[in-house]
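Notes follow the structure.
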Amino acid sequence: QVELVESGGGLVQAGGSLRLSCAAPGRTFSSYAVGWFRQAPGQEREFVAAISWSGISTNYADSVKGRFTISRDNAKNTAYLQMNSLKPEDTAVYYCAAARNSRSRVIDGTPDYWGQGTQVTVSS
């Protein structure tokens, strides 16, 4: 079992930035592809970004390309989502997800593990 712990959410004005973190305390993270999803009130959970276990390959939803950057530090067992130029429509609960050796399962929303989520609110 891998516990994923998200942090870094909060309230920010439109145009601002936040960096989310996804940590796997006490576990070796390096063999897992990691991704971020979000769910706004009344809407389905949607894919945001994913990164391969090596950090070489990344994928982004069209809605966040050029504004969000996913990265990871395997030495710290932590992945990040840098969010810039935030918009009110980015408001959602953001979830971290991890799948062993499979970025595709992260992207299609069937990872091995999910975090509990962190709230991001962007005010206009």
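The values are calculated or read from the model by the stated rules, or taken from the named source; none is laboratory data. Everything numeric in this text was worked out from a predicted model, so none of it was measured. Heads up, the Cβs are rebuilt from the backbone with ideal geometry, glycines too, and the neighbour counts pull from every protein chain shown. Side chains are part of the model used for accessible areas, which takes the heavy atoms of the whole protein and leaves out ligands, DNA and RNA. Shrake-Rupley method; radii C 1.70, N 1.55, O 1.52, S 1.80 Å.
If you go through the stretch 62-75 one residue at a time, do you hit one that is within 21 Å of residue 24 (Cβ to Cβ), touching a residue at least 12 places away in the same chain (Cβ under 8 Å) and among the small types (Gly, Ala, Ser)? Within the stretch 62-75, one or more residues are within 21 Å of residue 24 (Cβ to Cβ), touching a residue at least 12 places away in the same chain (Cβ under 8 Å) and among the small types (Gly, Ala, Ser).
Take residue 14 and tell me if it is open to solvent by less than 20 Å² (accessible area, probe 1.4 Å) and of a type outside the set (Ser, Thr, Tyr). When the stated conditions are applied, residue 14 does not pass them. Each residue in the stretch 66-85 was checked for being of a type in the set (S, T, N, Q) and either within 14 Å of residue 36 (Cα to Cα) or surrounded by 18 or more Cβ atoms within 10 Å (Cβ to Cβ) (or both), and 5 of them qualify.
Filtering 6, 44 for residues that are charged (D, E, K, R) and exposed (fewer than 14 other Cβ atoms within 10 Å of the Cβ) leaves a single hit, 44. Selection within the stretch 105-124: residues that are of a type in the set (S, T, N, Q) and in contact (Cβ under 8 Å) with a residue 60 or more places away in the chain. The member of this set that is nearest to residue 32 (Cα to Cα) is 116. Of the residues making up the stretch 87-97, at least one is open to solvent by less than 60 Å² (accessible area, probe 1.4 Å), among the acidic types (Asp, Glu) and touching a residue at least 40 places away in the same chain (Cβ under 8 Å). Being over 19 Å from residue 2 (Cα atoms) and surrounded by fewer than 14 Cβ atoms within 10 Å (Cβ to Cβ) holds for only one residue in 63, 124, 104, 54, and it is 124.
In the set (1) touching a Leu at 6+ places or on another chain (Cβ under 6 Å); (2) more than 17 Å from residue 118 (Cβ to Cβ), residue 26 fails one condition alone, (1).
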